[in-house]
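Undergrad: Here it is, the structure in full.
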Amino acid sequence: MDCKILVLAEQEEGALRDTSFELLGMAHRLAGEAGWEASDIKALGLGQGIDNLAEKLAKGGASEAIYAEGTAVENYTSDAYGKAIEAVVREESPEVLLMSHTPNGWDLAPLVAGGLEVPIATGCSNVTFEDGNVRFHRKAFNGKFVHVVEIDATPKMATVDKGAASPLENP
C-alpha cells in the first residue's frame, strides 16, 4: 500500500495527544485536495507497548498504524525517536510528513529533516494542495501576514500548530 501522507502520532504514557487526531483530520483534507485516497494516510507511533493505540488511530483516520517499539524508544529521546522516524520514512517514502508543533515536534523535526536532507516548514497554520503543489502556510507578525512556502523535496515535511485542523468528526 502506498503512503502519501505519514502522520507522527504523539503519545505520552500510552495516551494519544489530541494533535495526532488533528493531523489525521488535516491529512484527510489534504488527500482530498490532492486526489489521493484515504488509504494513502498512515500514522506512526513510537514507544513501548503501544500497539493498543492502533484502533484509536484507525478511528481517527489512519488507514494503517505503524509502530516503532522497543526499549530504545520506550522513553522519549530525540536521537532514538529521530532515527526510528527516519527509518520508517525511508521505508514508506511518503510525499508528506506531518508532525505536531509541540515541544517534541520542535525537538524532532529539524533532526529528522537533517537526517533525511530535506527542508522543513515549521509552525504551520495550514497545509493545502494547490496547482499540483503542497503549500505550507505560516503566520508571521502576530498573524497579520501569512507566508506560503512550497518545498521541492520529498518528503515535504512540516510541523503544524495545535488547533490548525479539526479531527475527523465521524472517523
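Undergrad: Would you say residue 62 is without any contact (Cβ under 8 Å) to a residue 12 or more places away in the chain and open to solvent by less than 30 Å² (accessible area, probe 1.4 Å)? Please lay out each step first, then the result.
TA: Numbers: without any contact (Cβ under 8 Å) to a residue 12 or more places away in the chain: no; open to solvent by less than 30 Å² (accessible area, probe 1.4 Å): yes.
No.
Undergrad: Same structure, new question: Scan the stretch 53-64 residue by residue and report those that are more than 15 Å from residue 15 (Cβ to Cβ) and in contact with a Gly (Cβ under 7 Å, 6 or more places away or on another chain). Step through it out loud before you land on a result.
TA: Within the stretch 53-64, the first condition is being more than 15 Å from residue 15 (Cβ to Cβ), and the residues that meet it are 58, 61-64.
The one that is more than 15 Å from residue 15 (Cβ to Cβ) and in contact with a Gly (Cβ under 7 Å, 6 or more places away or on another chain): 61.
Undergrad: Return a yes/no flag: does the stretch 41-50 have any residue that is closer than 13 Å to residue 167 by Cβ and in contact (Cβ under 8 Å) with a residue 60 or more places away in the chain.
TA: No, that holds for no residue.
Undergrad: Given (1) modelled with pLDDT of 95 or more; (2) among the hydrophobic types (A, V, I, L, M, F, W, C); (3) in contact with a Lys or Arg (Cβ under 8 Å, 6 or more places away or on another chain), identify the lone condition not met by residue 85.
TA: (3)
Undergrad: Among the listed residues 91, 130, 69, 86, which satisfies the condition of being in contact with a Gly (Cβ under 6 Å, 6 or more places away or on another chain) and surrounded by fewer than 20 Cβ atoms within 10 Å (Cβ to Cβ)? First the steps, then the outcome.
TA: Numbers: 91 fails: in contact with a Gly (Cβ under 6 Å, 6 or more places away or on another chain); 130 fails: in contact with a Gly (Cβ under 6 Å, 6 or more places away or on another chain); 69 fails: in contact with a Gly (Cβ under 6 Å, 6 or more places away or on another chain).
Result of the check over 91, 130, 69, 86: 86.
The values are calculated or read from the model by the stated rules, or taken from the named source; none is laboratory data. Because the structure is predicted, anything quoted here is derived from the model rather than measured. All Cβ positions, even for glycine, are placed from backbone atoms using ideal geometry, and neighbour counts span all protein chains on display. For accessibility, only protein heavy atoms count, side chains too; no ligands or nucleic acids. Shrake-Rupley method; radii C 1.70, N 1.55, O 1.52, S 1.80 Å.
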